[in-house]
Amino acid sequence: MMSIQAHTTYHVPLESASMGRREYWSWFLASGGTLIDGLSIFSLGVAMPLISSRFSLSAFMVGLIGSALVLGAVFGAVVGGPAADRFGRKPAFLIDMTIITAGALISALADASQWVLLGQFIVGVGIGIDFPVSSSYVSETVPKQARSRMVVATIALQSVGMLLGAAVAIAILWQRSSSSDWRLIVGVTAAVSLLFLLLRLWLPESPRWLREHEVSKTAPRSAVPPRATTSFNTGSATVALPRARFDLLFSRLYRTRTMLVSLPWFLMDVATYGVGLFTPVILGAIHSPKTTGTLATEFADAKGSAAIDLFLLFGFLVGLWAVPRFGRIHMQIIGFVGMTLGMLILVSAELAGGGAAAHVWLVFAGFILFNLAMNAGPNATTFALAPELFPTSVRASAGGFAAASAKVGATLGIFVLPQMKAYGGVAAVLIMMAIVSSLGAVVTAMLAREVGEIPEGRSLDEAETYK
């Protein structure tokens, strides 16, 4: 798809190249996992009440199925990152789409709730594999002048996937209005992932990974040139070409960078999934209460969620413009501050009480500010940091660890925050989310100061003395 022969010797052609139709097409194929992530999350959210009604699910089983995607993604990210560093980006791309297709089909054809649970976990594994691989591949193949923008665009496709899920769900519920509609809604994920699997057969391997792999295979260990002499404030250091493994991420050379790419992402996902608990509150405030019945309610919620997701996409569009101009660290800190302010607005709305129109708009404003700030800042920048802070040999491993840390934070948000709400009320949860968001800003600033200057739009390979 891309002319990789010119890229496999040195990186100079990539630095002078520009984005064309082939490059955009390759980027889109490589970014399919984030699109499917948004699609699967939205589809499951719409289908869940119908699934619960079909199998008479307990609250515990509903919680398990709802968290299965996240738990599966933890496992997939931990395994997929190192595997992609060792065996290549393209094999991982094909395997993860195969896994997602199989998991979605298992869920769509399930005749018991346990099969839905298993299928969603498998889908999560595939998505978890894809996250670190897609960020690594895009950073290794996109020309320098567009790299920052396109890495942010990769994670922005998550919102596009949600909008696609909304459109599909609305169409299915509008045309059929059957209690079995959940099978089609969930099954769409299988169809989309199968399409990406077939299209990715023509996607070339990452030229940077090929070059790194050939050097590590053919050169004697004593002859391998130094790879990690950097100009970062952590000091100069020399490390031989390593095999992808997590212990290297916590070596003296990479420890601070590993914390910078993982801790803020962890905190962001705790807050993100915490706020997600209050989406029904927003929908209840802006929707007419006249819709009755499961299917009618599902149709209304799908339309309302689609409207909210438009604001999520707008946040990503702001990030596409702002991140390359102001830098990842600045936008990450600004985003966390905006998330904190959004939570404080929601706290004031909660303490003021409900009923008035002003209260409804105050809640809506806090929710929108939170999501705009999150997607213009941390949700885009946390995804983009690992590819630029780590060399090719451990890039996917670093991205996998960071993504797994984020999903652990999401799991914490899913399980702990409802308990906090039960004991302390909604205000206690919102205050906690404000604290978590502000911690994200503080942690980012402190760790970024230790790492030093981050070269915008360049991977660590290009910042090293040896290329």
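Taking the numbered list (1) under 17 Å from residue 77 (Cβ atoms); (2) hydroxyl-bearing (Ser, Thr, Tyr); (3) over 16 Å from the mean Cα position of the chain (by Cα) in turn, residue 135 passes all entries but (3).
Please pick out the residue among 272, 234, 230, 291 that is of a type in the set (Val, Ile, Thr) and modelled with pLDDT of 60 or more. On inspection, the qualifying residue turns out to be 272.
Return yes or no: is residue 70 touching a residue at least 24 places away in the same chain (Cβ under 8 Å) and of a type outside the set (Gly, Ala, Ser)? In short, yes.
The single condition among (1) closer than 30 Å to residue 76 by Cα; (2) modelled with pLDDT under 90; (3) not small (Gly, Ala, Ser) that residue 443 does not satisfy is (2). Comparison of 440, 400, 409, 366 shows that the only residue that is in contact (Cβ under 8 Å) with a residue 40 or more places away in the chain and out of contact with any Pro (no Cβ under 7 Å at 6 or more places or on another chain) is 409.
Within region 350-360, does at least one residue satisfy the condition of being surrounded by fewer than 21 Cβ atoms within 10 Å (Cβ to Cβ), in a helix (DSSP H, G or I), β-branched (Val, Ile, Thr) and without any contact (Cβ under 8 Å) to a residue 40 or more places away in the chain? Step through it out loud before you land on a result.
Quick first cut of region 350-360, residues surrounded by fewer than 21 Cβ atoms within 10 Å (Cβ to Cβ) only: 351-360.
Now drop any that are not in a helix (DSSP H, G or I), which leaves 351-352, 357-360.
From the residues that got through so far, the ones that are β-branched (Val, Ile, Thr) too are 360.
Imposing the further condition that a residue be without any contact (Cβ under 8 Å) to a residue 40 or more places away in the chain reduces the set to none.
No, the conditions are met nowhere in region 350-360.
Annotation note: of 198, 194, the sole residue that is over 29 Å from residue 391 (Cβ atoms), more than 22 Å from the chain's Cα centre (by Cα) and surrounded by fewer than 19 Cβ atoms within 10 Å (Cβ to Cβ) is 198. Here residue 88 passes the criteria (1) modelled with pLDDT of 90 or more; (2) under 26 Å from residue 375 (Cβ atoms); (3) of a type in the set (Gly, Ala, Ser) except the one numbered (2). What residue, among those in region 313-331 that are open to solvent by less than 20 Å² (accessible area, probe 1.4 Å) and either assigned to a helix (DSSP H, G or I) or closer than 18 Å to residue 37 by Cβ (or both), is modelled with the lowest pLDDT? In this case the residue turns out to be 316.
Taking the conditions (1) part of a helix (DSSP H, G or I); (2) open to solvent by less than 10 Å² (accessible area, probe 1.4 Å); (3) touching a Gly at 6+ places or on another chain (Cβ under 8 Å) in turn, residue 99 satisfies each one other than (2).
The condition (being in a helix (DSSP H, G or I), among the aliphatic types (A, V, I, L, M) and at pLDDT 85 or above) is satisfied by just one residue among 191, 166: 191.
Scanning region 65-89 for residues that are open to solvent by 50 Å² or more (accessible area, probe 1.4 Å) and out of contact with any Phe, Trp or Tyr (no Cβ under 8 Å at 6 or more places or on another chain) yields a total of 4. Among all positions in region 113-123, there is no residue which is in contact with a Pro (Cβ under 9 Å, 6 or more places away or on another chain) and either assigned to a helix (DSSP H, G or I) or of a type in the set (Asp, Glu) (or both). A residue that is of a type in the set (Ser, Thr, Tyr) and in contact with a Lys or Arg (Cβ under 7 Å, 6 or more places away or on another chain) cannot be found anywhere in region 328-342.
The values are calculated or read from the model by the stated rules, or taken from the named source; none is laboratory data. Here the structure is a predicted model, which is why all the values come from computation and not from measurement. Methodologically, a virtual Cβ is constructed for each residue, glycine included, from the backbone with ideal geometry; neighbour enumeration extends over all protein chains shown. Each accessible area value is taken on the protein alone, full model and side chains, heavy atoms only, with ligands, DNA and RNA left out. Shrake-Rupley method; radii C 1.70, N 1.55, O 1.52, S 1.80 Å.
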